[in-house]
């Protein structure tokens with residue numbers, strides 16, 4: 001019986017090699033595994049198009065999948081499966097932006113491998129013309145990371161050094177997300193705070209070693225210098241390294257250099273033509289943030305049709321910030337026809353992927369609009385808590401406090417409501433405090449009124465605690 005790696009190699013020798021590499025990264029470099037799977041999915045579109053004589057007009061993976069669907073090369077189920085792999089890869093590129101923990105990232109990479117195998121099973125007969133063979137899945141190799149570290153340390157392999165750096169960077173950024181949330185809950189005194197800084201120092205070290213010959217590492221080394229992974233930032237050195245990587249064709253470097261020329265850097269003056277050139281070159285290679293920034297550039301210049309086109313491409317590529325802005329443009333009819341349903345759908349997708357503003361918008365719609373798309377009060381509460389945790393949003397604190405006090409979520413929780421109002425008052429600006437003040441008085445009065453009449457001991461304990469919080 002074949003192993004899963006041999007099974008994919010029977011489907012396509014090239015994809016089999018890519019699958020083997022992706023699987024080897026799952027345990028120790030899951031973000032790289034997800035990026036490898038996305039790249040494999042891109043190659044799969046070529047494999048499916050070739051025998052049908054289809055030539056793609058765009059390198060954009062979303063467009064390619066939709067082209068295959070519209071030409072009936074793949075059915076709806078396969079289309080959805082390929083889009084799911086595309087989305088997994090996008091989350092792997094920036095796991096910290098999706099608020100993923102290390103455990104969740106590894107689980108996602110394992111699940112993505114399962115999805116890929118299932119997809120290849122469904123396409124095997126169509127692509128090879130042979131019957132589907134039996135195979136068994138071999139467990140993920142827990143020794144792959146050791147081999148990677150051996151090559152990085154003992155053989156000074158630049159690619160291995162780069163991947164070690166990427167593993168450390170990904171871990172550090174996810175640690176930083178958790179630290180910020182924990183620090184807010186404990187007034188900045190969480191016991192785990194600071195571990196991300198040490199991990200970032202290690203990441204910069206490995207990027208520095210690899211950067212002499214590995215251009216992807218040169219880009220990451222530049223980012224590390226700009227953000228001061230090892231202490232004080234060195235922005236000029238970082239910008240120079242990123243420019244060198246961009247000149248070598250590193251797509252993320254081209255996207256970031258284009259952004260620097262768009263807004264200006266320490267050693268780089270604002271230059272619209274250079275910004276447009278680098279962003280367009282990165283966008284042509286399907287770099288989602290470059291597409292989004294091109295959209296921003298054209299939006300600021302009032303070229304709304306062009307802005308819409310690029311923001312839509314970035315949204316389709318799975319970039320949640322672009323999905324949020326696309327939802328706003330569709331709601332307003334900016335550069336496009338007004339499309340309320342399309343707007344709600346993109347807002348829902350951005351929220352599902354953890355975009356803070358989209359989560360807040362969706363929660364408000366779910367709580368306050370009976371006709372909202374996909375109303376789910378438990379999901380609304382989850383979104384608000386995520387926005388408070390990661391976005392430290394006072395409006396979200398107020399919204400959730402009101403919902404808990406009024407029983408909108410199916411229960412009344414005056415302690416939770418009072419805690420949120422107290423937190424909001426500690427963080428609110430002048431305008432927000434003017435909103436909080438009458439809510440504070442109203443909740444205080446509500447608590448006093450119920451205390452005066454209740455005979456339930458448990459309820460009385462909760463009410464007294466709420467009263468203490470509001471004192």
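Here, each number is a calculation from the coordinates, and none is a lab measurement. Model, not experiment: these values are computed from the prediction. With ideal geometry, Cβ positions are generated from the backbone for all residues, glycine too; neighbour counts draw on all protein chains shown.
List of remarks:
- Protection proxy ranking of 196-207, 328-339, by the mean of other Cβ atoms within 10 Å over each peptide's residues and highest first, is 196-207, 328-339.
- Extents of the stretch 393-470, taken as max minus min of Cα coordinates on every principal axis and listed largest first, are 39, 23, 15 Å.
- Pairwise centroid distance, computed over Cα atoms, of the stretch 455-471 with the stretch 237-263, Å: 57 Å
- FRET efficiency, residue 1 to residue 328 (Cβ-Cβ, R0 56 Å, nearest 0.05): 0.60
- Of every Cα-Cα pair in the stretch 143-286, the percent that sits beyond 27 Å: 31 percent
- Simple label model, 7 Å out from Cα along Cβ direction - residue 455 to residue 468, nm: 2.6 nm
- Net length available on complete extension from residue 426 to residue 267 is 53.3 nm, with 0.36 nm assigned per residue and the Cα-Cα distance removed.
- Cα-projected label distance for residue 201 with residue 122, points at 7 Å along beta-carbon direction, nm: 4.9 nm
- Inter-label distance, residue 57 to residue 306: 1.9 nm, where each label sits 7 Å from its Cα along the C-beta direction.
- When both the stretch 268-316 and the stretch 2-68 are represented by their alpha-carbon centers, they are found 27 Å apart.
- Each peptide in 10-22, 442-454, 217-229 gets a packing score, the mean of other Cβ atoms within 10 Å over its residues, and the list from highest to lowest is 217-229, 10-22, 442-454.
- Estimated purely from DSSP H runs of n ≥ 4, each contributing -39500 (n - 2.57), the mean residue ellipticity at 222 nm for the chain is -24000 deg cm²/dmol once divided by its residues.
- Peptides 432-438, 244-250 ordered by packing proxy, namely the average of other Cβ atoms within 10 Å per residue, highest first: 244-250, 432-438.
- Span per principal axis, largest first, for the Cα atoms of the chain (Å): 77, 52, 52
- Put simply, the convex hull of the Cα atoms in the stretch 1-134 casts, on average, a shadow of 8.0 nm².
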